[in-house]
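The values are calculated or read from the model by the stated rules, or taken from the named source; none is laboratory data. Quantities reported herein were computed from a predicted structural model and do not represent experimental measurements. Cβ atoms come from the backbone with ideal geometry, glycine included; neighbour counts cover every protein chain shown.
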Amino acid sequence: MESFVHSLVKAVPVLSGVPMWTLTLTAMILSAAVLLVFALTFGGVGSYVLRKVAGDIQARIGPNRVGPNGILQFLADGVKLVLKEDIIPAKADRFLFALAPYFVFVGSFAAFVVLPFGVGLIASDLNIGVYYVMAVTSLVVVGVLLAGWASNNKWALLGGMRAAAQIVSYEIPVGMALMPAVLIAGSLSLQDIVRSQGGLLGVFGWNLFHNPFTFFSFFLYFTAAQAETNQTPFDLPEAESELVSGYNVEYSGIRFGFFFLAEFGDMFVVAALATACFLGGWHIPFLHAEALPAFWGNLLSLGAFLAKAFALVLVMMWIRWTLPRLRVDQLMRMAWKYLVPLTFVNLLGVSLWLLIFKGKGIPQMIASLFG
Amino acid sequence: MNGPADLIFYILAALTVGSAILVAILPNIVYSAIALLFAFAGVAGLYVFLSADFLAATQVLVYVGGILILILFAVFLSHRISDVKLSNPARFHWQAAFICLSLFGVLSYTVVSTSFPVKPGTVYQPSTAEIGELLMTRYLLPFEVASVLLLAALIGAALLSRPEGRKGTSSDMEEPK
């Protein structure tokens, strides 16, 4: 952000008379707006793709009325959500009922700030990036709990409690599964983590292939993250067959829209974190993004990052429409008896590997064999 | 320090203190919890202001993501689960005032009489690596003692929440056949 402002001042000398902090503030607001537009578009198009994927997997057609192949369905849905009457149940707690969707959306959207979209495309390269994401997403839990309670509805409350218990439990394996990437890069900054995976043709430098433990870690992370975003097979908080729709059952109109967007935002954040920490982030296979001219480097690396992240989102949708739902006790057992110990063992394994082989991954060692 | 920085500091301080007062005086306990959330957020903001980024994130993660959610759970599970009008009546005014005022006295005496090491205004420096290094070297023993304490609390909580009459069996979490 700072460097962007400095280069801007250099490029447009008129701006040097303006106080620094107003420029920084403007840059902040602009980048937030860009990210917001991205998040909203992703939520819209994502909902269309989700239903199309569901249709394909369940051997039906999916949305096909609005526009060619139903591609404009999400616009229609968006307009519907905005125009719909905003109903607040009479016995609900009005203030908290209105407040809860914002908590959920802010918690999910705040994580976008540190996602490394490209070589220089990151709103703020915080040096505690991964940790920051873990911290701000905990706001989602508060929002979900409040939404469940303020609705004054037993289904909503049960859904909210389930969601909170689930997210809190799965936060531990998620954080621990990301640690190997942090250990290898020696930094919590997502940009540093991505940079550490640059070598060897842009593919074999990925943390995924670094050693057997990191390979396993990716799948542990993906499983735990699927649960943290409340997706099938871990979608107990929504469980249509038992809880109708969970914590958001009383919400309608644009307030429901916020929950909806936050859900898709979470999906993207999870996929983007997996990409940045294990799949080489914005590194383009067989091309050195940082050596390219700034414009092309940024554009191509953005493309590479989005392609990887969207591929992961598709995998999440695929899992979502394939597997049945777990039971509550199975869910908790999965977290505490399997995922948590496995991620700890994995972390130990990666640490030992880094100690014994002096930080070298398997591809690096093979490459050094051939000189 | 220039204008905007001071302004941000006062906004954060007002947020923290104001929410803390609301925590104490709001009649509804869930509202108190939400006010507590804003107080925690204000403190996290103050940490950011002191360029203690790691501490700020920890503050949010531990207090908002952990303690506050536990408080909410405790409230929701305590009684009359479906009742939105849970209340938080004020009682024992004089005793509470005495305890609070004496605590306030001790704290303000400590704050005033301690000489804090003051650094001249520096640019923002990442502090994570330094904290990690200190925890693993100079403060290793307190760090480990704290973890052992937490572990003991964890085991105690697990033991207390076990269903009666099934103590010692390892089949608590078994699936019903």
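Brief remarks follow.
- Those residues of the range A:124-149 which are under 19 Å from residue A:263 (Cβ atoms), hydrophobic (A, V, I, L, M, F, W, C) and within 8 Å of chain B (Cβ to nearest Cβ), in sequence order: A:134, A:136, A:139, A:141, A:142, A:145, A:146
- Restricting the range A:165-194 to residues that are in a helix (DSSP H, G or I) and touching a Gly at 6+ places or on another chain (Cβ under 8 Å), the residue that is farthest from the other protein chains (Cβ to nearest Cβ): A:194
- Those residues of the range B:45-78 which are more than 8 Å from chain A (Cβ to nearest Cβ) and β-branched (Val, Ile, Thr), in sequence order: B:48, B:62, B:67, B:71, B:75
- Hey, residue A:329 of a type in the set (Asp, Glu) and either without any contact (Cβ under 8 Å) to a residue 12 or more places away in the chain or assigned to a loop (DSSP other than H, G, I, E, B) (or both) or not: yes
- Residue B:82 vs. criteria closer than 20 Å to residue A:141 by Cα, modelled with pLDDT under 85 and not in a helix (DSSP H, G or I): yes
- Summed over the range B:116-171, residues that are outside any helix (DSSP H, G or I), surrounded by 10 or more Cβ atoms within 10 Å (Cβ to Cβ) and modelled with pLDDT of 80 or more total 2.
- Among the conditions (1) at pLDDT 85 or above; (2) hydrophobic (A, V, I, L, M, F, W, C); (3) part of a loop (DSSP other than H, G, I, E, B), residue A:312 misses just one, which is (3).
- For the range A:116-135, the candidate set comprises residues that are within 12 Å of the chain's Cα centre (by Cα) and closer than 30 Å to residue A:96 by Cβ; within that set, the residue that is surrounded by the most Cβ atoms within 10 Å (Cβ to Cβ) is A:133.
- When residue A:295 is tested against the conditions (1) under 22 Å from residue A:179 (Cβ atoms); (2) assigned to a helix (DSSP H, G or I), the lone failure is (1).
- Test: residue in the range B:88-107 that is closer than 27 Å to residue B:57 by Cα, at pLDDT 85 or above and surrounded by 10 or more Cβ atoms within 10 Å (Cβ to Cβ): yes
- Residue check, residue A:321 hydrophobic (A, V, I, L, M, F, W, C), within 14 Å of chain B (Cβ to nearest Cβ) and surrounded by fewer than 20 Cβ atoms within 10 Å (Cβ to Cβ): no
- Residues in the range B:1-15 that are away from chain A (no Cβ under 13 Å) and either more than 24 Å from residue A:147 (Cα to Cα) or modelled with pLDDT under 80 (or both): B:9, B:10, B:11, B:12, B:13, B:14.
- Exactly one residue out of A:351, A:301 is of a type in the set (Gly, Ala, Ser) and within 14 Å of another protein chain (Cβ to nearest Cβ): that is A:351.
- Here residue A:119 fulfils each of the conditions (1) within 8 Å of chain B (Cβ to nearest Cβ); (2) outside any helix (DSSP H, G or I); (3) of a type in the set (Val, Ile, Thr) apart from (1).
- In the range A:77-101, the residues that are part of a helix (DSSP H, G or I) and loosely packed, with under 15 Cβ neighbours inside 10 Å: A:79, A:80, A:82, A:83, A:94, A:95, A:98
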